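The values are calculated or read from the model by the stated rules, or taken from the named source; none is laboratory data. Not measured: the values here are computed from a predicted model. Here the Cβ positions follow ideal geometry from the backbone for every residue, glycine too, while neighbour counts run over all protein chains shown. Note: areas computed on protein heavy atoms with side chains; ligands, DNA, RNA excluded. Shrake-Rupley method; radii C 1.70, N 1.55, O 1.52, S 1.80 Å.
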Amino acid sequence: MNILGIGSTLPEQTVTNRQLEEILETSDAWIRSRTGIAQRRVMKGSELTNLALSAAQKALLDAGLNGADLDMILVATTMGDYVFPSLSCLMQEGIGALCPAMDLHAACAGFIYALETADSFIKAGKAKHILVVGAEAITRLANWNDRTTCVLFGDGAGAVVVGAGEGLLATRLTARTDKDVLYMLAEPGNSPFTNQPDEAPAGVKMQGQEVFRFAVTQSIEDLTWVADIAGKALQEMDWVLLHQANRRIIDAVRQRLKLDPARVPGNIHRTGNTSAASIPLLLDELYRAGLLEPGQLIAMSAFGAGLVSGACVLRWGKEPPDKLTPAEDLFSLPVNITPET
Amino acid sequence: MDDIMRKVALALAARTSGDPDGITAETRFNELALDSLDVAELVMDLEDDFNITIDISRIDGSVGDLVRIIREAAE
């Protein structure tokens, strides 16, 4: 499998930590020191389908393909604009595709799960071109009365079009049942024949320390594993893209693996945790900035509720785009973030 | 000071650039300006050092409590 095209889109609305100070008992300093997040993008309405469509159209354009060229649409998402139809099916018409479409739920690791799934379809000869999307509206799942968790999340969508090739050198997917560490209960519905649950749904719930420990140990294990399968040392990677969940997790993984900070970029300070969208958003930002060159090795690692994780090593095959978008501050946390006007 | 307390004090001192001799069982993590994620990272280091698994949820915020949990896990 090779990535033939890539694109991403963030919602227009920026929400800064200062704005959160006005509605929550929190502070910009508290949020920054514990998460590295200064602002995030938050959807104004039920527009995830449009966000994902926009990212997909950019990826198709970048690949020089049309929707009709697709053999499958595979969307990693926790929940689209509807419980059903799936987000992928809602996207199909908008991109002019006629192919099968399905959503894949592997929480924040969803994009890497979806890449591996796409690779398997292509290797089996059952598909030539697959659109793989990571799209999330996590801010509408968060509990905005819980100041320890709602500050973490942002919305966004990233997409790639993949085709035949040898670019995916190694992948590792894991899952281990542990629902208490990170979960969100489903709505119980209103069946008169069903007892109401003991615990009412109340958005995302998280045991922060346990998530931190899982994320750091699992990412280290997964990255070491995929580098070994790819026959490379992690220090040989041109880029190591870690799921943008928390700057403290990113720093802990980077330090423990003794990775060069210049090879571990981040945009979490601007995006927050966008779940399954975080890896393709970051990858697209690097690509648009002209930082990815053919032959470069890219390791990626993500983890999330389940508990699940995914990691892979890619050999990048695309030339930089004709029109470059200068990289914003990908490698450091800005001191001053003011609301966009 | 026993071995476990000494190792924990040294790990804390390394993390806070402080003096290990100034850390006692009564010292609380917030007095050392450590937040919950610092404690989680400290626990991960100590798990590796002692080759044990520590239940983070049982730690009440004091160094002595962490030492007691390590001692129980190591037995």
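With helices defined as uninterrupted DSSP H runs, which ones in chain A have an alpha carbon span along their own long axis of at least 18 Å and mean Kyte-Doolittle hydropathy of at least -0.5? Kindly include the intermediate steps, with their values, before the conclusion.
On the way: long enough: A:48-63 (22 Å, 0.76); A:110-123 (19 Å, 0.56); A:208-229 (31 Å, 0.25).
Qualifying helices, which must be both long enough and hydrophobic enough, are A:48-63, A:110-123, A:208-229.
Threshold 50 Å², probe 1.4 Å: give the residues of the stretch B:33-49, in number order, that are less accessible with all protein chains present than with their chain alone.
The answer is B:ASP35, B:LEU37, B:GLU41, B:MET44.
Got a sec? Which residues of the stretch A:208-223 lose 40 Å² or more of accessible surface with every protein chain in place, vs. that chain alone, 1.4 Å probe?
A:GLN209, A:PHE212, A:ARG213
Based on the Cβ-Cβ distance of A:ASP146 and B:ASP3, what FRET efficiency does E = 1/(1 + (r/R0)^6) give at R0 = 30 Å, to the nearest 0.05?
Values: r = 40 Å, r/R0 = 1.35.
After rounding, the FRET efficiency stands at 0.15.
Could you sort A:153-166, A:189-202, A:17-30 so that the peptide with the highest average Cβ count within 10 Å comes first and the rest follow in order?
Details: A:153-166: 25.4, A:189-202: 8.2, A:17-30: 14.9.
Listed from highest to lowest mean packing, they are A:153-166, A:17-30, A:189-202.
Show me, for the stretch A:262-269, the HN-Hα J-couplings you get by feeding each phi into the Karplus relation (A = 6.51, B = -1.76, C = 1.60, θ = phi - 60°), rounded to Hz, glycine and proline as x.
Calculated HN-Hα couplings, in order: 5, 9, 10, x, x, 10, 4, 5 Hz.
Given the rule -39500 (n - 2.57) for each run of at least 4 DSSP H residues, summed and divided by the residues of chain B, what is its mean residue ellipticity at 222 nm, to the nearest 500 deg cm²/dmol? Before the final figure, lay out the partial values.
On the way: 3 runs with 41 residues, N = 75.
So the helix-based figure for chain B works out to -17500 deg cm²/dmol.
What ranking of A:LYS44, A:LYS123 comes out by heavy-atom accessible area, probe 1.4 Å, highest first? Each step should come with its number before you reach the end.
Numbers: A:LYS44 170, A:LYS123 140 Å².
Greatest to least solvent exposure: A:LYS44, A:LYS123.
With a probe of 1.4 Å, find how much accessible area the stretch A:177-308 has per residue, and write the answer as a whole number in Å². Could the numbers behind the result be given before it?
Values: 5380 Å² over 132 residues.
Ligands and nucleic acids excluded, the figure is 41 Å² per residue.
Which order do the peptides A:266-272, A:172-178 come out in when sorted by mean C-beta neighbours inside 10 angstrom, highest first? Could you put the intermediate results ahead of the total?
Details: A:266-272: 24.3, A:172-178: 14.3.
Ranking the peptides A:266-272, A:172-178 by packing returns A:266-272, A:172-178.
Quick one: ranking A:ILE279, A:ILE220 by accessible area, 1.4 Å probe, largest first, what do you get? Don't skip to the answer; put the middle values down first.
On the way: A:ILE279 5, A:ILE220 40 Å².
Ranked list, largest accessible area first: A:ILE220, A:ILE279.
Where q = 0.15, 0.28 Å⁻¹, what log10 of I(q)/I(0) comes from the Debye formula for the stretch B:3-74, counting one point per Cα?
-0.40, -1.66
What does the structure give for A:239-252 when I average, per residue, the other chain Cβ atoms found within 10 Å of the residue Cβ?
Numbers: counts 0, 0, 0, 0, 0, 0, 0, 1, 0, 5, 3, 0, 1, 4.
Shielding by partners across A:239-252 averages 1.
As I understand it, the dipole of the protein assembly as shown uses +1 on the Cβ of Lys and Arg and -1 on the Cβ of Asp and Glu, about the Cα centre. Which of A:LEU51, A:THR194, A:PRO320 lies farthest toward its positive end?
With unit charges placed on the Cβ atoms, the residue in question is A:PRO320.
Please compute the contact order of chain A in relative form: average sequence separation of alpha-carbon pairs under 8 Å and at least six residues apart, divided by the residue count, as a percent. It would help to have the intermediate numbers written out before the result.
Values: 819 pairs, mean separation 80.9, N = 341.
Once divided by the residue count of chain A, the mean separation gives 24 percent.
Keeping the other protein chains in place, figure out the carbon and sulfur percent of the accessible area of the stretch A:2-166, with a 1.4 Å probe. Write down the numbers at each step before the final one.
Working: 3370 of 6610 Å².
Carbon plus sulfur share of accessible area: 51 percent.
How big is D, in µm² s⁻¹, for the protein assembly as shown by Stokes-Einstein at 4 °C and 1.567 mPa s if Rh is the Kirkwood radius over C-alpha pairs?
Details: Rh = 22.3 Å.
Rounded to a whole number, D works out at 58 µm²/s.
Indicate the residues belonging to the stretch B:51-75 that lose 40 Å² or more of solvent-accessible heavy-atom surface (probe 1.4 Å) upon moving from the chain alone to the assembly of all protein chains, ignoring ligands and nucleic acids.
Buried by the other chains: B:ILE56.
Keeping all protein chains in place and using 1.4 angstrom, which order do B:GLU47, B:GLU26 fall into by accessible surface area, from largest down? Could you put the intermediate results ahead of the total?
On the way: B:GLU47 25, B:GLU26 135 Å².
These residues rank, largest area first, as B:GLU26, B:GLU47.
Could you report the buried accessible area between A and B, both sides summed, computed with a 1.4 Å probe and given in Å² to the nearest 100?
1200
Considering only protein heavy atoms and a 1.4 Å probe, what is the carbon-and-sulfur percentage of the accessible area of chain B?
44
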